[in-house]
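Engineer: What follows is a single structure, and I will ask about it in a moment.
The values are calculated or read from the model by the stated rules, or taken from the named source; none is laboratory data. Bear in mind that the values here come from a model prediction, so they are computed numbers and not experimental data. No Cβ is skipped: glycine too gets one built from the backbone with ideal geometry, and neighbour counts run over all protein chains shown. For accessibility, only protein heavy atoms count, side chains too; no ligands or nucleic acids. Shrake-Rupley method; radii C 1.70, N 1.55, O 1.52, S 1.80 Å.
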Amino acid sequence: MTDAAEQSAHPESHHGYISEKAAYINRMKRIEGQARGITRMIEEEQYCIDILTQISAVTRALQGVATGLLSDHLGHCVLDAAKLGDEAAQEKLKEANEAIARLVRS
């Protein structure tokens, strides 16, 4: 989606995570470093279980980011839309339900 299309699809001026943006960026940079470490472990032919342990850690870290973003979305975007009590509220609830379903399946 283009920036203009994204803005029209999500007209709120700030996303719910904006106050935690720096923390999310730091967490994602740590996760990125962990993922590079896993690549290095494979290149160095390290023990399978050690690699799987690191993959599990990255998975948990990503799940932590996802649940934090979901909580921020519910507490900001969905709540704001619900206060309006219109079609926007229904759309935000639908989006949140779909996001939760994707997280549960992953």
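Engineer: Scan the range 30-41 and tell me whether some residue there is in contact with a Leu (Cβ under 7 Å, 6 or more places away or on another chain) and either modelled with pLDDT of 95 or more or open to solvent by 70 Å² or more (accessible area, probe 1.4 Å) (or both).
Structural biologist: Within the range 30-41, one or more residues are in contact with a Leu (Cβ under 7 Å, 6 or more places away or on another chain) and either modelled with pLDDT of 95 or more or open to solvent by 70 Å² or more (accessible area, probe 1.4 Å) (or both).
Engineer: What are the residues in the range 14-27 that are open to solvent by 80 Å² or more (accessible area, probe 1.4 Å) and aliphatic (A, V, I, L, M), if any?
Structural biologist: Across the range 14-27, the qualifying residue is only I18.
Engineer: Given the conditions (1) at pLDDT below 95; (2) in a loop (DSSP other than H, G, I, E, B), report the number of the one that A22 does not fulfil.
Structural biologist: A22 satisfies every listed condition except (2).
Engineer: Q54 passes all but one of (1) of a type outside the set (A, V, I, L, M); (2) surrounded by 12 or more Cβ atoms within 10 Å (Cβ to Cβ); (3) more than 20 Å from R40 (Cβ to Cβ); which number fails?
Structural biologist: Looking at each condition in turn, Q54 falls short on (3).
Engineer: Further question: So, D86, is that one more than 13 Å from the chain's Cα centre (by Cα), over 29 Å from I38 (Cβ atoms) and touching a residue at least 60 places away in the same chain (Cβ under 8 Å) or not? Talk me through it step by step, then tell me what you get.
Structural biologist: Values: more than 13 Å from the chain's Cα centre (by Cα): yes; over 29 Å from I38 (Cβ atoms): yes; touching a residue at least 60 places away in the same chain (Cβ under 8 Å): no.
Against the criterion (more than 13 Å from the chain's Cα centre (by Cα), over 29 Å from I38 (Cβ atoms) and touching a residue at least 60 places away in the same chain (Cβ under 8 Å)), D86 does not qualify.
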